[in-house]
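Chemist: Mind having a look at this structure? Questions to follow.
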Amino acid sequence: MRRVRAAVVVSAILGITLTLPIAADAEPNLAAANAAFQAVARKSGAHGAAFAVAVRGRIVDVDGFGFADVAARTPVGPETMFALASCSKPITAMAIMKLIDGGKLTLGARAFPYLGIASRTDPRLGGITIKELLNHSSGLPHDVPASTNDPLDTARAAARVRLTFAPGSNQAYSNAGFNVLGAVIEKASGERYIDFVRDNVFAPAVVTRFGALDAGVAIPGQAVRYDKQGRVVSNRISEGGTPAGGWVLSAADMVRVLVAYDAGKIVSAASRAAMLAPPVAPLTLRSNGSAFGLGWDVVYRQGGDPNAVFYGKNGGITGSSAWIEHRPDGTDFAAFYNGGSGVGAHRPGLVAVEAALDGT
């Protein structure tokens, strides 16, 4: 038997900590990582923050700092949920790949003809594939002026705009593209997007507590969102709804999704590999060797090793920011914040956390 000991956690900000036993012979430096995370949270000016870590498929650390609700003095706890913003996109990507695994879609399928939508503005729209929506190479603008949160309305609105480049020729981040994917999921599955994700992404990860901002109501257990002036922000999302940026989860449950994804419980090994594959010409790696994946902002291979893959995604919406990450050593973590500047949800702001986890 391997020797185990309790994880050591440091709490400089008022909050609640849950600690779990981890193997002493192969653990990240959780004490240092927590201290570094708290420093990032302070720098960002967040009112509250949550941090969860899993090592090779097992959650070993869940921490809450500061307040989920400042007025009520409610501390962030292990179950506190945060608005994921664009960290919702990998969830949508997993749902698409689940449909591909089931033979209901292909990455090369043309999205708008599949939805029965044609463009009078730009005929290139008809050539956009599912893969091009997933890796931001569709040419769709960042957002389109949809009239409701129904993802099909986003798809119809997208058919009225001109593409910024020919599909597959370049990459530019697009919320609109992921909301179009929400419409594709509904058509392919015959279910509401939210219901399909519940049953095919969250259920395999044993995640039962979640919310969606496009409901426009308070979600029990959610950290209150605060703008940069400290004012409460109401739960609303515009221009397309949940697929691009509307899910609400706890840090621990987001890590459970990552763990299930890594273990092949949500999508097949082949689909996960496709989501993390290097770009194909004319698309190229960034100067630092990273690239967009399918649903992921940052994918790279440590030393070029296909088995040592890093992937990550950040999200930001007024009053909430998030970062999720998988590291080549099998560590997954989520860092969520309510209020503040959002700096903690960008990888440069988390360099100290990453270094601490690595023991450097």
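The values are calculated or read from the model by the stated rules, or taken from the named source; none is laboratory data. What you see is a predicted model, and the numbers here were worked out from it, not measured in a lab. FYI the Cβ positions are ideal-geometry reconstructions off the backbone, even for glycines, and counts take in every protein chain you see. We work out accessible area using only protein heavy atoms, side chains counted, and drop any ligands, DNA or RNA first. Shrake-Rupley method; radii C 1.70, N 1.55, O 1.52, S 1.80 Å.
Rundown of residues vs (1) in contact with a Ser or Thr (Cβ under 6 Å, 6 or more places away or on another chain); (2) over 22 Å from A334 (Cβ atoms), yes/no style:
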{"residue": "Q222", "(1), (2)": "no, no"}
{"residue": "D227", "(1), (2)": "yes, yes"}
{"residue": "G230", "(1), (2)": "no, yes"}
{"residue": "T242", "(1), (2)": "no, no"}
{"residue": "A252", "(1), (2)": "no, no"}
{"residue": "V255", "(1), (2)": "no, no"}
{"residue": "V259", "(1), (2)": "no, no"}
{"residue": "D262", "(1), (2)": "no, no"}
{"residue": "V267", "(1), (2)": "no, no"}
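Chemist: Out of the stretch 295-336, which residues are assigned to a strand (DSSP E or B) and among the aliphatic types (A, V, I, L, M)?
Modeler: Answer for the stretch 295-336, where residues must be assigned to a strand (DSSP E or B) and among the aliphatic types (A, V, I, L, M): V298, V299, V309, I317, A322, I324, A334, A335.
Chemist: Which one is surrounded by the fewest Cβ atoms within 10 Å (Cβ to Cβ), of the residues in the stretch 44-63 that are touching a Phe, Trp or Tyr at 6+ places or on another chain (Cβ under 8 Å) and within 12 Å of N338 (Cβ to Cβ)?
Modeler: Step by step, filter the stretch 44-63, then rank; the result is S44.
Chemist: Just give me the residues in the stretch 273-294 being assigned to a helix (DSSP H, G or I) and crowded, with 16+ Cβ neighbours inside 10 Å, in sequence order.
Modeler: Across the stretch 273-294, the qualifying residues are A274, M275.
Chemist: On to the next question. Out of the stretch 26-79, which residues are under 18 Å from A352 (Cβ atoms), among the β-branched types (V, I, T) and in contact with a Ser or Thr (Cβ under 8 Å, 6 or more places away or on another chain)?
Modeler: V53
Chemist: Report yes if D297 is more than 20 Å from P151 (Cβ to Cβ), surrounded by fewer than 21 Cβ atoms within 10 Å (Cβ to Cβ) and of a type in the set (D, E), otherwise no.
Modeler: The answer is no for D297.
Chemist: For the stretch 254-272, which residues satisfy the criterion of being within 15 Å of I59 (Cβ to Cβ), open to solvent by 10 Å² or more (accessible area, probe 1.4 Å) and either in a loop (DSSP other than H, G, I, E, B) or among the small types (G, A, S) (or both)?
Modeler: Once the filter is applied, which keeps residues that are within 15 Å of I59 (Cβ to Cβ), open to solvent by 10 Å² or more (accessible area, probe 1.4 Å) and either in a loop (DSSP other than H, G, I, E, B) or among the small types (G, A, S) (or both), the stretch 254-272 yields A263, K265.
Chemist: Moving on to the next point. Failed condition for V76, given (1) in contact (Cβ under 8 Å) with a residue 24 or more places away in the chain; (2) open to solvent by 10 Å² or more (accessible area, probe 1.4 Å); (3) of a type in the set (A, V, I, L, M), with all others met?
Modeler: Here V76 clears every test but (2).
Chemist: In this structure, does G126 turn out to be surrounded by fewer than 17 Cβ atoms within 10 Å (Cβ to Cβ), in contact with a Pro (Cβ under 7 Å, 6 or more places away or on another chain) and more than 20 Å from G190 (Cβ to Cβ)?
Modeler: The answer is yes for G126.
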